[in-house]
Amino acid sequence: MTELTRRSMLAGLSAAAVLRPDRAFAAWPERNISMLHGLTAGGGVDVSARLVADGLSRRLGQQIVVEPRPGAGGTLAAAQVARATPDGYTLGFIPSGHAVTAATYKSLPYHPTDDFTIVGQAIEFPFVIVTHPEHPVRTVSDLVKLARERSTPVLGGVPGAGTPQHLLIEYFSRLAGIKIQAVTFRGGNQALTELLGKRLDFLIDPPIALIGQIRSGALRAIGVTGATRFTSLPDVGTIAEAGFPGFSITSWMGVIAPAKLPADIAARLNREITALVAEPVVAERIRTMGSEPKSGPPDDFKTRIAADVARWTKVIADAGIERI
């Protein structure tokens with residue numbers, strides 16, 4: 001064998017090695033990436049997904065295209081992510097409703113954690129409890145006192161049966177030993193209309209849906225559900241401060257991918273999300289939307305999802321809510 005022939009063979013072997021499956025993702029990403037979510041376009045989840053996708057597009061050097069796939073409580077989009085090829089070109093953006101549907105549905109075409117690669121959390125926020133400005137209730141303590149004194153239940157509006165807001169009311173009413181009737185609507189706007197019409201005592205929703213009207217004085221915020229006061233509403237007390245130590249329920253959003261995503265891609269995505277939400281401009285945009293930047297290791301996010309599934313499953317059982 002001549003030296004030239006030997007070199008040609010080695011070059012061919014090296015080229016073949018580049019094409020081996022275990023090295024197929026070395027150049028990722030080489031084309032556009034799809035990011036699916038299960039809510040409607042223009043809503044809070046969609047806006048948040050586009051913020052994260054735009055930042056990751058810039059950091060990765062390839063476009064991430066957000067694709068809303070609403071239906072069945074977000075399960076259609078999640079199922080599509082679970083079935084996708086784990087090559088890094090299909091991602092999912094999930095809100096905490098991902099855990100709620102796992103608790104409220106009798107069966108799903110996927111396991112909420114095991115059938116996905118949990119990439120990482122990006123956003124977190126508490127829920128806000130609001131009344132109309134003329135309501136006598138000004139704090140969560142006032143609300144509890146009213147519920148204990150009144151012969152009929154206080155009325156709390158929620159944007160649908162089996163939503164996180166609905167389950168949160170069920171959870172808190174049992175914790176506080178009070179009667180609250182959750183009044184369900186087809187969306188938060190209907191509940192808000194009823195509250196402003198003084199036909200409800202309060203409603204619970206994410207800050208992004210309420211903060212503008214709180215700041216304008218059209219609504220009065222009486223409490224937040226996180227462990228600490230919310231940065232965007234520093235004068236509003238927590239439920240824990242109202243006499244329920246340790247109370248903390250927050251909502252989250254984050255990124256998932258199909259199970260068995262190559263570890264190097266998953267690790268890079270997590271690093272980029274962590275760096276992205278730490279960027280001052282991006283962090284400020286998240287806060288402007290009524291949320292907080294929040295990232296961390298994938299295992300922490302996976303544990304969080306599983307804990308929420310367990311909590312809401314128990315709440316549903318305790319409240320006797322029929323599973324879908």
Residue ID - surrounded by the fewest Cβ atoms within 10 Å (Cβ to Cβ), chosen from residues in region 275-324 that are under 30 Å from residue 181 (Cβ atoms) and among the β-branched types (Val, Ile, Thr): 324
Among (1) closer than 24 Å to residue 27 by Cα; (2) under 17 Å from the mean Cα position of the chain (by Cα); (3) small (Gly, Ala, Ser), the one test that residue 263 misses: (2)
Boolean, residue 255 is among the hydrophobic types (A, V, I, L, M, F, W, C), closer than 25 Å to residue 67 by Cβ and crowded, with 20+ Cβ neighbours inside 10 Å: yes
Answer from 308, 264, 299 - the residue that is touching a helix residue (DSSP H, G or I) at 6+ places or on another chain (Cβ under 7 Å) and not assigned by TED's automatic domain parsing to the domain that holds residue 172: 308
Restricting region 279-302 to residues that are part of a helix (DSSP H, G or I) and under 14 Å from the mean Cα position of the chain (by Cα), the residue that is nearest to residue 224 (Cα to Cα): 286
Single unsatisfied condition, residue 136 versus (1) surrounded by fewer than 16 Cβ atoms within 10 Å (Cβ to Cβ); (2) touching a residue at least 24 places away in the same chain (Cβ under 8 Å); (3) in contact with a helix residue (DSSP H, G or I) (Cβ under 8 Å, 6 or more places away or on another chain); (4) more than 19 Å from residue 248 (Cβ to Cβ): (2)
Of residues in region 188-227 being exposed (fewer than 13 other Cβ atoms within 10 Å of the Cβ) and under 22 Å from the mean Cα position of the chain (by Cα), the one modelled with the highest pLDDT: 212
Some residue of region 240-252 being surrounded by fewer than 15 Cβ atoms within 10 Å (Cβ to Cβ), more than 20 Å from residue 140 (Cβ to Cβ) and not acidic (Asp, Glu): no
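The values are calculated or read from the model by the stated rules, or taken from the named source; none is laboratory data. This is a predicted model, so every value here is computed, not measured. Ideal geometry is used to build each Cβ from the backbone, glycine not excepted, and the neighbour counts take in all protein chains shown.
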